[in-house]
Amino acid sequence: MNAAAVTKRQQTLQRKLLAWYDRNGRDLPWRRSKDPYAVWLSEIMLQQTQVATVMPYYERFVRRFPTVHVLAAARIDAVLKLWAGLGYYSRARNLHKAAAEIVREHDGRFPDSVEALRTLPGIGRYTAAAIASICFGRRAAVVDGNVIRVLTRLFNISDDVRKPATVNRLWGIADSHAPARRCGDYNQAIMELGATVCTPGATARCDICPLQAQCAARKAQTVAELPRKSAKAVVRHETHIVAAICADDRWLIRRRPSDGLWGGLWELPSAQVSGAATVEAVRRLARSLGVPRCTVSTQPFCVSNHQLSHRLIRFTGYRCSLQGTEAADSMNADLRWVTLAQFSKLGISQAMRRIAEALGAGESNDRGTRSISRRQSRHGKPVRSAGTPRAASRRIA
Ligand code: SF4
């Protein structure tokens, strides 16, 4: 294909895509302005996540943190709390760090070039190009999962898209097709086509596609096979124990380290174990938290599986009651005693929310028994002693 023909083909694709997008682009909240804060936030939330899932999170987030200044001034706990359930929590932590950097280093204004945007935490090649093209009219192509699907089909590319060389090739094609004018709209158009028309496998709606005449895969009848991906990495199985340590209707929770899985979120203390979940492992975990003596129930209150992209985690939760008055001697800012209702209002993962719900359900089943004990106490039978959780609660309230 000579240079003139390539240019003509590129122009045809650009014109058809933009005309289609003008008529069919969805009215999404972050598309109603070119505000880089709104676009940045939506792009970060949409990574690995569907539009329908993102929508309520986005609306809540912009209500609570309407500007980059408000986000920068917020506590990370408040940010993680609004993010809870959306997954990939490093996105929220980076968002918070980047907001602080924009306020501190750029006087609260977003940088307008791809290069400068890429220096901010959590902003990679794709997000920088999306913000620069949509908000600042820069000519910068984007490649995400939707774009990969459209391009491999348009050009009938059967190389493995899990290989960096293939992705680089697709970035090159995307770049050569990005128009100088309306590049932000063009980027949104190709992503929109991938999301709503050029959908995975046999669901592609080629009959209504504006690019059907240009599509090589359609001609070759390879649409359903593309993009080609090598097998995913094997899913790893992990066993984690959860220590639900209770004293006077309060539970010991801790904040996870800021790096790694669910970083910065709160949890009922948990730990990965190499073999089966055992009561002894739970005791060890409790000791490591400064709770040297506690009674661990022999039966778990829940066994719950949580699937992540490359791991399947099996949580086994045990109730633990304090013996004696020691309660988390190493108490620090990352350990707290809270009721289950308070716990549910903090930033916690979906996996931990399910575990807390199982714990709460067990608690309500136990309430009948507890109220009998209280009635008995009114008749003169003591139900507490110095070694029961009431004594501990003096130190943990
Ligand atoms: S014709 Fe079909 S496969 Fe080709 S770009 Fe359009 S929807 Fe995708």
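The values are calculated or read from the model by the stated rules, or taken from the named source; none is laboratory data. Model, not experiment: these values are computed from the prediction. Cβ placement follows ideal geometry from the backbone for every residue including glycine, while neighbour counts extend to all protein chains displayed.
A few remarks follow.
- Residue 64 of a type in the set (Lys, Arg) and farther than 28 Å from residue 351 by Cβ: no
- Among the residues of the stretch 66-81, those identified as in a helix (DSSP H, G or I) and either touching a helix residue (DSSP H, G or I) at 6+ places or on another chain (Cβ under 7 Å) or not β-branched (Val, Ile, Thr) (or both) are 68, 69, 71, 72, 73, 76, 77, 78, 79, 80, 81.
- Residue 132 meets all of the listed conditions (1) closer than 19 Å to residue 44 by Cβ; (2) in a loop (DSSP other than H, G, I, E, B) but one, namely (2).
- Filtering the stretch 101-129 to residues that are closer than 27 Å to residue 263 by Cβ and in a loop (DSSP other than H, G, I, E, B) leaves 108, 110, 111, 118, 119, 120, 121, 122, 123, 124.
- Selection status of residue 8, under 27 Å from residue 260 (Cβ atoms) and part of a helix (DSSP H, G or I): no
- Candidates 153, 169, filtered to the one that is farther than 23 Å from residue 196 by Cβ and out of contact with any His (no Cβ under 6 Å at 6 or more places or on another chain): 169
- Residue selection: residue 63 fails the criterion of being over 30 Å from residue 139 (Cβ atoms), part of a helix (DSSP H, G or I) and touching a residue at least 60 places away in the same chain (Cβ under 8 Å).
- One residue stands out among those in the stretch 218-248 that are of a type in the set (Gly, Ala, Ser) and not in a helix (DSSP H, G or I): the one that is nearest to residue 316 (Cα to Cα), which is 243.
- Flag for residue 256 being within 16 Å of the ligand (Cβ to nearest atom), of a type in the set (Lys, Arg) and over 20 Å from residue 300 (Cβ atoms): no
- Scanning the stretch 218-227 for residues that are more than 8 Å from the ligand (Cβ to nearest atom) and either surrounded by 12 or more Cβ atoms within 10 Å (Cβ to Cβ) or touching a residue at least 12 places away in the same chain (Cβ under 8 Å) (or both) turns up 219, 220, 222, 224, 225, 227.
- Check on residue 98, at pLDDT 95 or above and either surrounded by 22 or more Cβ atoms within 10 Å (Cβ to Cβ) or assigned to a loop (DSSP other than H, G, I, E, B) (or both): yes
- Filter result (within 26 Å of the chain's Cα centre (by Cα) and in a helix (DSSP H, G or I)) within the stretch 135-144: 135
- Only one of the numbered conditions (1) more than 24 Å from residue 11 (Cα to Cα); (2) free of Cβ contacts under 8 Å to residues at least 12 places away in the same chain is not met by residue 172, and that is (1).
- Filter result (touching a residue at least 40 places away in the same chain (Cβ under 8 Å) and of a type in the set (A, V, I, L, M)) within the stretch 116-146: 123, 129, 130, 131, 134, 140, 141, 142
- Filter result (of a type in the set (A, V, I, L, M) and in contact with a strand residue (DSSP E or B) (Cβ under 9 Å, 6 or more places away or on another chain)) within the stretch 212-242: 235, 241, 242
- Being assigned to a helix (DSSP H, G or I), under 23 Å from residue 363 (Cα atoms) and over 17 Å from the mean Cα position of the chain (by Cα) holds for only one residue in 282, 303, 291, and it is 282.
- Residue 261 assigned to a loop (DSSP other than H, G, I, E, B) and within 29 Å of the chain's Cα centre (by Cα): yes
- Some residue of the stretch 272-279 being touching a helix residue (DSSP H, G or I) at 6+ places or on another chain (Cβ under 9 Å) and either in a loop (DSSP other than H, G, I, E, B) or in contact (Cβ under 8 Å) with a residue 12 or more places away in the chain (or both): yes
- Residues satisfying the stated conditions in the stretch 311-333, i.e. surrounded by fewer than 14 Cβ atoms within 10 Å (Cβ to Cβ) and modelled with pLDDT under 90: 329, 330, 332, 333
- Residue in the stretch 296-303 that is closer than 25 Å to residue 90 by Cβ and of a type in the set (A, V, I, L, M) present: no
- Test: residue in the stretch 23-43 that is buried (at least 16 other Cβ atoms within 10 Å of the Cβ) and out of contact with any helix residue (DSSP H, G or I) (no Cβ under 9 Å at 6 or more places or on another chain): no
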